[in-house]
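Take a look at the structure set out below.
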Amino acid sequence: MEKKVMIFDGDGTLYIDTKKTPGAAAFLDYVAKAGKKFAIMTNNSSYSKRHHMERVGRTLGRKLGDDELFVSTEAAANYLRDRGAGRAFIVGTPDCVEDFRLRGVRFEEDDPDAVVIAFDRTLTYGKVRRAAGLIMKGKPYILTNPDMVCPTKGGYIPDAGSIAAMIKSATNKEPMAVTGKPSKIFLDHVLRELDAESSECVMFGDRVYTDIAMANDAGVLSVLLLTGETKAKDVRGTRGPDIVIDSFGDLLHTLTRKA
């Protein structure tokens, strides 16, 4: 709580689908009352930023501002635009395609500057075939997020990482960039927007290979919650987090008891 900024992963950490994890809403209230900035970083590129803000806000019982929730597609669109790639073939949902358009990258099927692989809940074989064909012809591609699965109330479902695995297998090509967690590209975008340094932040997440890896690489204090994909046994033998807790409810109980 000595840190200036609290950064949270979304799916699996604060909520699963539309159900908040134990103590998540109460802990956000605690953070706000303590006068801390907070931001939610979600790799979930299947929804637009606006949709995320409304859905997550309803789930957590609070209205979220533009600088309190960030989506991996923001960093992806900025990455392309900064390199002069204003046209992309996007393997993504209509929400995802619209977010890219709002950030200056329009959908192009015939002769794009690059290909984008996102978490596409509307995936078709035609999209995969077109993306693979463009990449085989030399078009570079980026991956919005490496998550293999996404947690839902009904269980885990294939995410962008699983789609990318198919593309890589077909093309034998690696993406030129991965812009979601654990990428420094995404964290740098968020830190710029929050006017914060990595040493001033703490990262809460449920995945060692995205949330915790990003925090560790950037020198951000890392806190792993056992509310999502990672279980206690999975931490052994990895470059682990600084702190491991069961839930925000447990953390809040500890903090208020100490106070």
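The values are calculated or read from the model by the stated rules, or taken from the named source; none is laboratory data. All figures in this text were calculated on a predicted structure; none of them were measured in a lab. Don't worry about glycine lacking a Cβ; one is built from the backbone with ideal geometry, like all the others, and counts go over all protein chains shown.
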Step by step: first the residues of region 222-238, then only those that are of a type in the set (Gly, Ala, Ser) and crowded, with 16+ Cβ neighbours inside 10 Å, then the one that is nearest to Asp147 (Cα to Cα). Which residue is that?
Gly228
For Glu98, indicate whether it is acidic (Asp, Glu), at pLDDT 95 or above, more than 19 Å from the chain's Cα centre (by Cα) and farther than 21 Å from Pro182 by Cβ.
no
Just to check your reading of the model, which residue among Asp113, Asp159, Asp147 is at pLDDT 95 or above and within 16 Å of the chain's Cα centre (by Cα)?
Asp159
Val115 meets each of (1) closer than 18 Å to Thr42 by Cβ; (2) buried (at least 18 other Cβ atoms within 10 Å of the Cβ) with one exception, condition (1)
Inside region 20-41, can you point out the residues that are assigned to a strand (DSSP E or B) and touching a Ser or Thr at 6+ places or on another chain (Cβ under 7 Å)?
Lys20
Please go through region 93-106 and give me each residue that is free of Cβ contacts under 8 Å to residues at least 24 places away in the same chain and either more than 19 Å from Asp82 (Cα to Cα) or crowded, with 17+ Cβ neighbours inside 10 Å (or both), ordered by number.
Val97
Within the set of pairs 6 or more residues apart or between chains, which connect a residue that is within 18 Å of Gly161 (Cα to Cα) inside region 112-141 to a residue that is polar (S, T, N, Q) and not in a loop (DSSP other than H, G, I, E, B) with Cβ atoms less than 7 Å apart?
Ala118/Thr73; Ala132/Thr171; Ile135/Thr171
I'm told Val202 meets every condition in (1) closer than 30 Å to Ala88 by Cα; (2) within 17 Å of the chain's Cα centre (by Cα) except one. Can you identify the failing condition by its number?
(1)
